Amino acid sequence: MKPKLLCCLAALLFAAAARADPVTFALAAPQARQVFLAGEMTGWDAHKRAMARGADGIWRLRLDLAPGQWLYKFVVDGRWQHDPATPDHDADGQGGQHSFVFVGEGPWSPPATGAGRVETQQVPSAAFGQAVKVNVYLPAGFERGQALPVLWLLHGGGMDADQWFRTGHVERYADRLIASGRVRPFVIVMPSSNGRRYDGPAERFIVDELPAWLQARYGLAPTRAQSAIAGMSLGGYGAVKLPLAAPQRWGHAHALAGWYPDELIADVKRAGGLPVELVLRCGTEDDLLPGNRALVAALPRRPDYREDPGGHSFHYWSQVTEEMLTGVGAFFRAGAQP
């Protein structure tokens, strides 16, 4: 794809960022002396914003935010906490919780109809010697034994299967795309790596044990042409590394702001590239950008790679999740053709 066309696509993709909607953050803390808002919109602690206390003891701050998802916390007298007034919070990977807000109408919005379901399972694993939490998105109307494609969706460092579900709400994006007919139904399996990189026990679990469990539990046995793998951050590392370990397993990989250490890049060079159709995306303000460029340079054939405005954040990932799922759906559709 020509650079000029890439720039045009990026401009269209992030046109929503030019818009802004007012969002008021509020915290009831009448005894607090000082409260700040810190999150993706402030660079977390770097530019946290002071909130003002009203006569009712509620601290408030209004910000104009671009559409998409934003993670945040409150800093109350030096103590970080999630927003207790909303159920929209999840583990932050550091022993606490972050909250999040979706701004504006977009592909992240809950669908009006045609919602699938997410089942949380504890999957036995000999590789780990214990059960592993796995979330499985099943499109509306799914029945056991239905021959659907499967996307393996990997979480980032310090997180688990809930990151793409409880924080990212990937099921909303999938529901809307399927309901609109833009993609055909497919299953999304979101495994935990149990605090490991996607190697060792995590590799054996995802490459060998999880496919066997999916077949036994749901009757799913997708071919390579009907299997894809994707992830963000450390999950992007897994989306590149695991196809090297099991080239017969997946035919498409899609990595968002992946972490690519020197040893992985060396492995890619030794292998002469990757045995999958590869899509890479990264934000121009992401600290992992140099590693993404290094991976692209190491590949004998340039992948579908693009840099967009954004950092290492769910606000950026919320802008490209729909594109990721649409690309995966296009791969599945092509693989289903006679």
TODO: Can you tell me which residue within the range 267-282, out of those that are in contact (Cβ under 8 Å) with a residue 12 or more places away in the chain and either more than 23 Å from M324 (Cα to Cα) or touching a Leu at 6+ places or on another chain (Cβ under 6 Å) (or both), is surrounded by the fewest Cβ atoms within 10 Å (Cβ to Cβ)?
DONE: G272
Open item on the list: Given the options G68, G129, G116, name the one that is at pLDDT 95 or above, touching a Leu at 6+ places or on another chain (Cβ under 6 Å) and of a type in the set (G, A, S).
Closed with: G116
Open item on the list: For the range 110-152, give me each residue that is surrounded by 14 or more Cβ atoms within 10 Å (Cβ to Cβ), under 30 Å from P22 (Cβ atoms) and touching a Lys or Arg at 6+ places or on another chain (Cβ under 7 Å).
Closed with: P111
Open item on the list: Restricting to the range 85-97, and then to whatever is out of contact with any helix residue (DSSP H, G or I) (no Cβ under 6 Å at 6 or more places or on another chain) and either aromatic (F, W, Y) or in contact (Cβ under 8 Å) with a residue 40 or more places away in the chain (or both), can you tell me which residue is surrounded by the most Cβ atoms within 10 Å (Cβ to Cβ)?
Closed with: A91
Open item on the list: Contact list please: Cβ distance under 9 Å, first residue in the range 37-49 and farther than 18 Å from P309 by Cα, second residue part of a helix (DSSP H, G or I) and at pLDDT 95 or above, pairs at least six apart or on different chains.
Closed with: A38/W44; A38/D45; A38/A46; A38/H47; H47/M41; K48/T42; R49/M41; R49/T42
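Conditions tested, residue by residue: (1) in the same structural domain as W259 (by TED's automatic domain parsing); (2) free of Cβ contacts under 8 Å to residues at least 24 places away in the same chain.
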site	(1), (2)
W108	no, no
P111	no, no
Q121	yes, no
A131	yes, yes
L138	yes, no
G157	yes, no
W164	yes, no
H169	yes, no
A174	yes, no
Open item on the list: I need the full set of residues from the range 242-285 which are part of a strand (DSSP E or B) and of a type in the set (D, E, K, R), in order please.
Closed with: E277, R281
Open item on the list: Based on this model, can you work out whether Q97 counts as in the same structural domain as R217 (by TED's automatic domain parsing) and of a type in the set (S, T, N, Q)?
Closed with: no
TODO: Would you be able to say whether some residue in the range 294-303 is modelled with pLDDT of 95 or more, of a type in the set (D, E, K, R), assigned by TED's automatic domain parsing to the domain that holds A239 and on the phi < 0 side of the Ramachandran plot?
DONE: no
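The values are calculated or read from the model by the stated rules, or taken from the named source; none is laboratory data. Model, not experiment: these values are computed from the prediction. Glycine gets a Cβ as well: all are built from the backbone with ideal geometry, and neighbour counts include every protein chain shown.
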